[in-house]
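What follows is calculated from the coordinates using simple rules that are stated; it is not laboratory data. Predicted model only: the values in this text are computed from it and were never measured. Cβ coordinates were reconstructed from backbone atoms using ideal geometry, including for glycine residues, and neighbour counts include every protein chain displayed.
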Amino acid sequence: MEETIVDKRFGDIDADAAGFKKSKVCIIQAPYEGTLTYGKGASRAPQAIIDASRHMELFDDELYAETYKVGIYTSPPLDIASESSPEKAINAVKSAVMGVLEAGKFPVLLGGEHSVTVGAVKAAKEFFNDISVLHLDAHHDLRDEYEGSKYNHACVARRIQKICPVVEVGVRNISKEEKDFIDSAQSAVKVISVYDILESHNWKKDASNLLSDTVYITIDLDVLDPSIMPSVGTPEPGGLGWYEFMDFLKIISKDKKIAGFDVVELSPIEGYRAPDFLAAKIVYRLLGYIFFGKK
């Protein structure tokens, strides 16, 4: 990784806390949206999240910690145009995440569409043998193929469960193909849907118990209710609220070793900054949970 310090960096952190060599965290920007099928704009999401983050308070009001002091490096955007194939985008992300892990840093991937997660999980699997993926999403993403591609954003979890086990949380939309796959012996996917969440007070611990000791977290922002996160490609009603969502991430961060995480599928709405700011706060607060939450 080069030491280049970009002008627009996550949190607007001072240069002495934003260099790669001294940082524990590396923000990887993956502005790819080559297979989106409904709402577009995810290629603008990494920059929108970074722009919003520059207006956050760096002192965390819940943790009473200055998370940025662990060092947060922001890498330049990956060179993956939306005209590129998803396979090319996935390989570029895998290479970038591998570089971060090889340097002993913690990777945070900002999509872009959800297909980029496959590259990050492939890289993490090479470093952590006993790893599972916590997949937070409104959709199962378990189609074997969609619109002619096995790497469409609607196929993400189907590809990942071939790499390692997947636990899906917050899902509330499913096709017949996906239901049949989950019920089959081929599936390495466990599901806690919104209907399970509504029926159980213990769903957070139930989800934690389904995961391995080491976890990669992928956050498709449509897991949240559209009332707080309308800026997504397919805003499904009935999603999670801010406090229950963040409390769940806090529990997982305490229970597990987090290998990395991503935030994907933000489609910024011009003139409406609240969802961009929310996404930035998720990144910063989750980093706080990971680095300070066990104390």
Cβ-based charge dipole, the chain, positive-most Cα from Leu134, Ser115, Leu266: Leu134
Lys/Arg +1, Asp/Glu -1 at C-beta; the chain dipole; positive extreme among Ala48, Leu101, Pro275: Leu101
Set Lys150/Lys176; Lys125/Lys190; Lys162/Lys256; Lys8/Lys125; Lys150/Lys257; Lys150/Lys179 screened for pairs whose C-alpha atoms are more than 24 Å apart: Lys8/Lys125; Lys150/Lys257
Gaussian network model of the chain, springs between alpha carbon atoms under 10 Å - residue of Ala154, Ala207, Ala65 with greatest fluctuation: Ala65
Net charge contributed by nearby residues that have their C-beta within less than 13 Å of Val108 (K/R +1, D/E -1): +3
Highest-MSF residue in the chain out of Pro268, Pro230, Pro77 [GNM, Cα springs under 10 Å]: Pro77
From the coordinates shown, Rg and Dmax of the Cα atoms in Å corresponds to which of (1) 21.5, 67; (2) 21.6, 71; (3) 17.4, 52: (3)
Charge dipole magnitude, Cβ of K and R +1, D and E -1 - region 56-147, Cα centre, debye nearest 20: 420
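Among 19-30, 271-282, what's the highest-first ranking by average C-beta atoms within 10 angstrom per residue? Write down the numbers at each step before the final one.
Working: 19-30: 20.7, 271-282: 17.8.
Output ranking for 19-30, 271-282: 19-30, 271-282.
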Where a label projected 7 Å from the Cα of Ile5 along Cα→Cβ would reach, residues of region 54-86 with amide N under 17 Å: 54, 68-76
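Counting Lys and Arg as +1 and Asp and Glu as -1, each charge on the Cβ, what is the dipole of region 117-233 about the Cα centre in debye, to the nearest 20?
Computed charge dipole of region 117-233: roughly 220 debye.
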Reciprocal mean inverse distance between Cα atoms of region 61-122 - Kirkwood radius, Å: 13.1
Candidates Val116, Val191, Val169: whichever shows maximal mean-square fluctuation once the chain is modelled as a Gaussian network with Cα springs under 10 Å: Val191
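Would you work out if region 1-81 is rounded, prolate or oblate? Take a ≥ b ≥ c from the square roots of the eigenvalues of the alpha-carbon gyration tensor; rounded if a/c is under 1.5, else prolate when a/b is larger than b/c, oblate otherwise.
Details: a/c = 2.65, a/b = 1.52, b/c = 1.75.
Cα axes put region 1-81 in the oblate bin.
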Computed magnitude of the charge dipole of the chain (debye, nearest 20; Cβ of K, R +1, Cβ of D, E -1): 760
Candidate lysines for bridging to Lys21, where Cα separation is under 16 Å - those fewer than 8 sequence places away on the same chain excluded: Lys69, Lys105
Using θ = phi - 60° and Karplus 6.51 cos²θ - 1.76 cosθ + 1.60, couplings along region 51-59 (whole Hz; Gly, Pro as x): 4, 5, 4, 6, 10, 7, 6, 7, 8
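Using helices alone, what [θ] at 222 nm do you get for the chain, with -39,500 (n - 2.57) per DSSP H run of 4 or more residues, divided over all residues and rounded to the nearest 500? Each step should come with its number before you reach the end.
Details: 9 runs with 97 residues, N = 295.
My calculation for the chain gives -10000 deg cm²/dmol from helical runs alone.
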Neighbour cut-off at most 12 other Cβ (10 Å), DSSP loop, GluC sites (Glu not before Pro), region 237-295: Glu270
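Compute the whole-percent fraction of alpha carbon pairs in region 201-295 spaced more than 23 Å apart.
Numbers: 1126 of 4465 pairs.
In whole percent, the share of Cα-Cα pairs in region 201-295 beyond 23 Å is 25.
Loop only per DSSP, at most 16 neighbouring Cβ atoms within 10 Å: give me the trypsin sites (Lys or Arg not before Pro) in region 66-161, ordered by residue number. List each step's numbers first, then the result.
Working: sites: Lys69, Lys88, Lys94, Lys105, Lys122, Lys125, Arg143, Lys150, Arg158, Arg159; in loops: Lys105, Arg143, Lys150.
Passing both the DSSP loop test and the Cβ count: Lys150.
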P(r), alpha carbons of region 24-163 - 10 Å bins starting at zero, rounded %: 12, 39, 35, 13, 1
Among Leu286, Gly34, Val70 the positive-end extreme of the charge dipole of the chain (Cβ point charges): Val70
Label-to-label distance, nm, for residues given as Ser82 and Leu198 (7 Å Cα→Cβ offset): 3.4
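So which GluC sites (Glu not before Pro) in region 116-150 end up in coil per DSSP with only 15 or fewer other C-beta atoms within 10 Å? It would help to have the intermediate numbers written out before the result.
On the way: sites: Glu126, Glu145, Glu147; in loops: Glu145, Glu147.
Those that pass, being in a loop and sparsely packed, are Glu145, Glu147.
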